[in-house]
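The values are calculated or read from the model by the stated rules, or taken from the named source; none is laboratory data. These figures come from a predicted structure and were not determined experimentally. Cβ placement follows ideal geometry from the backbone for every residue including glycine, while neighbour counts extend to all protein chains displayed. To get the accessible areas, we keep the full protein, side chains included, count just its heavy atoms, and leave off ligands, DNA and RNA. Shrake-Rupley method; radii C 1.70, N 1.55, O 1.52, S 1.80 Å.
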Amino acid sequence: MSGLAVRAAAAVRSPEGRAPEDRPAALDYFRDLLTPFGEKPDEELLNRGAHVQHRDLVDLLVADEGVGRSRPELLVVTHALPDVVPFTAVAPHMTDRLGGRAANFAIAQQGLAAPFTALRIASAYHRAGRAAEVVIAVLEQTTLPTPFPLVQDTPLIDSAAALVLGAGGGEGAGDGEGAGGGEGAAAGTDAEDGLRFVRAHSAASAAEALGADALGRDLGEDGTLLVLGPWVTEDVPEGSAVHRVAPGSYCTSLWLELADHWQEWRESHRRIVLCDTDPRSGRSHVALFARGEG
């Protein structure tokens, strides 16, 4: 069976915020959550936030044509930061918007590793014949009940990305703009030239994760584009064309760029290597996509 290839993608950045909803219920929830740890919610910090919920981000992704018309058999929602109002089961909500038949779940508490884990799971489902089409959503909202230096010091924006992955290609969806005030990109691909997911792995450092032993080939081979997330600060192997992602996001950074540029990258490069280092754990994560390779 051929591997999973990118068939469509969408990105959303800095969507319009909303007035706080369910404020008393949310504060009660956060008090119950934080009190055992000797903390309490910072009401002023909460009030300053944009209050963009995970559900809002999902709805904006689904409004994009390329994502919205997909009918996946597997849907995985990933995030590194919690929802501002955790009262909606977001993976079932997104599944309902995309035909309602996908097995669905969320991956959290893995930092920026979560989307890489989702890709490995999706590939395993596909190889087992359990999912011909997969949607992976990466969500990041920045309204939190307590100070979190990663959010305030960077600073981070509310953002989200989605990948539609399928066996080979399908009818093109055409270029499109993200809905609801965010920026977006979506399109289809063909079976022969599809940008296929090859592998994802992690290592103690970016240099180790990008080494020839880990990737299965030398990073400096012609036709390879290395996409470095904003958290990679160490020296990495030289020889590849390099695209550096600007700061402003934690776990969504690489996937926003992939959603925006995957078509042009597919035309210009044989392999796309995505790499970022989690600033909290120090561990580096890599995903390899390649044109026409399973």
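Figures for the structure shown
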read-out	value
The listed residue being more than 25 Å from residue 209 (Cα to Cα), open to solvent by less than 10 Å² (accessible area, probe 1.4 Å) and touching a Lys or Arg at 6+ places or on another chain (Cβ under 6 Å), out of 135, 164	164
Test: residue in segment 85-97 that is part of a loop (DSSP other than H, G, I, E, B) and under 17 Å from the mean Cα position of the chain (by Cα)	no
Check on residue 71, closer than 30 Å to residue 127 by Cβ, among the basic types (Lys, Arg) and outside any helix (DSSP H, G or I)	yes
Test: residue in segment 71-92 that is under 25 Å from residue 199 (Cα atoms), open to solvent by 40 Å² or more (accessible area, probe 1.4 Å) and modelled with pLDDT of 95 or more	yes
Residue list for segment 18-36, filter: touching a helix residue (DSSP H, G or I) at 6+ places or on another chain (Cβ under 9 Å) and surrounded by 15 or more Cβ atoms within 10 Å (Cβ to Cβ)	20, 26, 27, 30
Any hit, segment 206-222, residues being in contact (Cβ under 8 Å) with a residue 24 or more places away in the chain, open to solvent by less than 60 Å² (accessible area, probe 1.4 Å), part of a strand (DSSP E or B) and not β-branched (Val, Ile, Thr)	no
All positions within segment 253-278 that are open to solvent by less than 10 Å² (accessible area, probe 1.4 Å) and of a type outside the set (A, V, I, L, M)	253, 255, 262, 271, 275, 276, 278
Subset of segment 37-70 that is among the small types (Gly, Ala, Ser) and in contact with an Asp or Glu (Cβ under 7 Å, 6 or more places away or on another chain) - its residue that is least open to solvent (accessible area, probe 1.4 Å)	70
Any hit, segment 145-152, residues being at pLDDT below 95, surrounded by 15 or more Cβ atoms within 10 Å (Cβ to Cβ) and in a helix (DSSP H, G or I)	yes
Residue within segment 239-252 that is outside any loop (DSSP other than H, G, I, E, B), more than 17 Å from residue 113 (Cα to Cα) and open to solvent by less than 60 Å² (accessible area, probe 1.4 Å) present	yes
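Listed here are the residues, each with its yes/no results for (1) farther than 19 Å from residue 122 by Cβ; (2) of a type in the set (Asp, Glu).
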{"position": "37", "(1), (2)": "yes, no"}
{"position": "43", "(1), (2)": "yes, yes"}
{"position": "56", "(1), (2)": "yes, yes"}
{"position": "86", "(1), (2)": "yes, no"}
{"position": "95", "(1), (2)": "no, no"}
{"position": "108", "(1), (2)": "no, no"}
